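> Before I ask anything, here is the structure I am working with.
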Amino acid sequence: SQTIHQWPATLVQPVGSPLSLECTVEGTSNPNLYWYRQAAGRGLQLLFYSVGIGQISSEVPQNLSASRPQDRQFILSSKKLLLSDSGFYLCAWSFGADNQPQHFGDGTRLSIL
Amino acid sequence: GENVGLHLPTLSVQEGDNSIINCAYSNSASDYFIWYKQESGKGPQFIIDIRSNMDKRQGQRVTVLLNKTVKHLSLQIAATQPGDSAVYFCAENMGWGKGFGNVLHCGSGTQVIVLP
């Protein structure tokens with residue numbers, strides 16, 4: 001069966017510091033991968049998605065970036081964090097076909113001080 | 001613009017009773033919907049999905065109903081248990097027209113509270 005791992009679970013960073021959140025999927029090949037941000041009491045905001053190695057699509061302009069250096073690895077990065085980057089970040093995967101559910105990791109709670 | 005949203009932010013239900021959570025969508029071209037359960041501090045957990053060529057789909061203690069005429073779907077939980085306490089939200093597949101499947105648009109969710 002497939003599993004998805006995200007780390008760290010919580011992170012406290014100062015404003016202006018860099019960021020690297022990592023997500024890996026096991027048990028499948030060539031998954032679609034996604035990064036979301038969830039504000040408290042709000043829905044999920046899609047940040048990035050990827051259909052393959054090195055292929056990244058961005059849904060919203062921001063100071064975050066994503067990379068997919070390996071088939072089952074998805075990384076969310078920033079060079080300089082802003083206060084507004086605080087939130088709950090979720091990674092998800094799906095099979096690479098239409099109308100497939102996305103399966104989420106347990107998220108990273110990011111607090112910017 | 002297109003929107004997927006929930007009618008009720010909080011639903012309190014007695015343990016053992018049935019729960020019904022509603023969701024409205026505005027994109028008539030949507031062809032795939034998913035219900036997720038999210039417990040505090042955790043990632044969303046897939047519950048059940050339904051394609052637009054179906055009106056109803058049943059799982060273990062859960063049933064999803066889709067009414068395309070009024071663009072409404074609901075999640076029914078039978079014999080609600082304390083472990084069902086969570087936020088439930090619906091998601092709409094926005095992948096059509098993007099040349100890429102499975103981009104989800106999600107509602108903000110309904111908090112279900114199971115009372116003893």
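The values are calculated or read from the model by the stated rules, or taken from the named source; none is laboratory data. Everything quoted here is computed from the prediction, not taken from an experiment. Backbone-built Cβ (ideal geometry, glycine too); neighbour counts: all protein chains shown. Ligands, DNA and RNA are stripped out before the accessible areas are found, and what is left, the full protein with its side chains, is counted by its heavy atoms. Shrake-Rupley method; radii C 1.70, N 1.55, O 1.52, S 1.80 Å.
> Can you order the peptides A:83-93, B:33-43 by their average number of other Cβ atoms within 10 Å per residue, highest first?
A:83-93, B:33-43
> How large is ³J(HN,Hα), in whole Hz, for each residue of segment B:11-16 in order, when computed from phi with the Karplus curve 6.51 cos²θ - 1.76 cosθ + 1.60 and θ = phi - 60°, using x for Gly and Pro?
Each residue of segment B:11-16 in turn: 10, 9, 9, 6, 4, x Hz.
> Also, quick follow-up: What does the charge count near A:His5 come to, summing +1 for each Lys or Arg and -1 for each Asp or Glu among other residues with Cβ under 14 Å from its Cβ?
-1
> Now for a separate question. Count the net charge of all other residues whose Cβ sits under 15 Å from the Cβ of A:Ser17, scoring Lys and Arg as +1 and Asp and Glu as -1.
For residues surrounding A:Ser17, the net value is +1.
> Let me ask something additional. Given charges of +1 on the Cβ of Lys and Arg and -1 on the Cβ of Asp and Glu, with all other atoms neutral, how large is the dipole of segment A:1-83 about its Cα centre, in debye to the nearest 20?
Value, rounded to 20: 240 debye.
> Output ³J(HN,Hα) for segment A:90-101: one whole-Hz value per residue in order, computed from phi by the Karplus curve 6.51 cos²θ - 1.76 cosθ + 1.60 with θ = phi - 60°, and x for Gly and Pro.
Ordered by residue, 3J(HN,Hα) equals 10, 9, 9, 9, 8, 5, x, 9, 5, 6, 10, x Hz.
> Let me ask something else. Mind listing the long-range amide H neighbours of B:Val112? Cut-off is under 5 Å, sequence gap 5 or more, other chains count too, H placed in the peptide plane at 1.01 Å from N.
Under 5 Å from the amide H of B:Val112: B:Leu11, B:Ala86, B:Val87, B:Tyr88.
> Could you run the Karplus curve 6.51 cos²θ - 1.76 cosθ + 1.60 with θ = phi - 60° over segment A:45-60 and give me ³J(HN,Hα) per residue in whole Hz, x for Gly and Pro?
10, 6, 9, 9, 9, 9, 9, x, 4, x, 9, 10, 10, 10, 8, 9
> Return an integer: the convex hull volume of the alpha-carbon atoms of chain A, in Å³ per residue.
Given the Cα convex hull of chain A, per-residue volume reads 98 Å³.
> Using amide H atoms built in the peptide plane, which far-off residues or other-chain residues are under 5 Å from A:Val15 H to H?
Correct list: A:Leu113.
> Can you give the Rg to Rh ratio of the protein assembly as shown, both from alpha-carbon atoms, with Rh computed by the Kirkwood formula?
On the Cα set of the protein assembly as shown, Rg over Rh gives 0.97.
> If you take the accessible area of A alone, add that of B alone, and subtract the area of the pair, what total do you get in Å², probe 1.4 Å, to the nearest 100?
Details: alone 6100 and 6350 Å², together 10680 Å².
The A and B chains share an interface burying roughly 1800 Å².
> While we're on this one: Report the one residue of A:Ala66, B:Ile48, A:Tyr89 whose Cα lies farthest in the direction of the positive end of the charge dipole of the protein assembly as shown (charges on C-beta: Lys and Arg +1, Asp and Glu -1; origin at the Cα centre).
Going by the charge dipole, the pick is A:Ala66.
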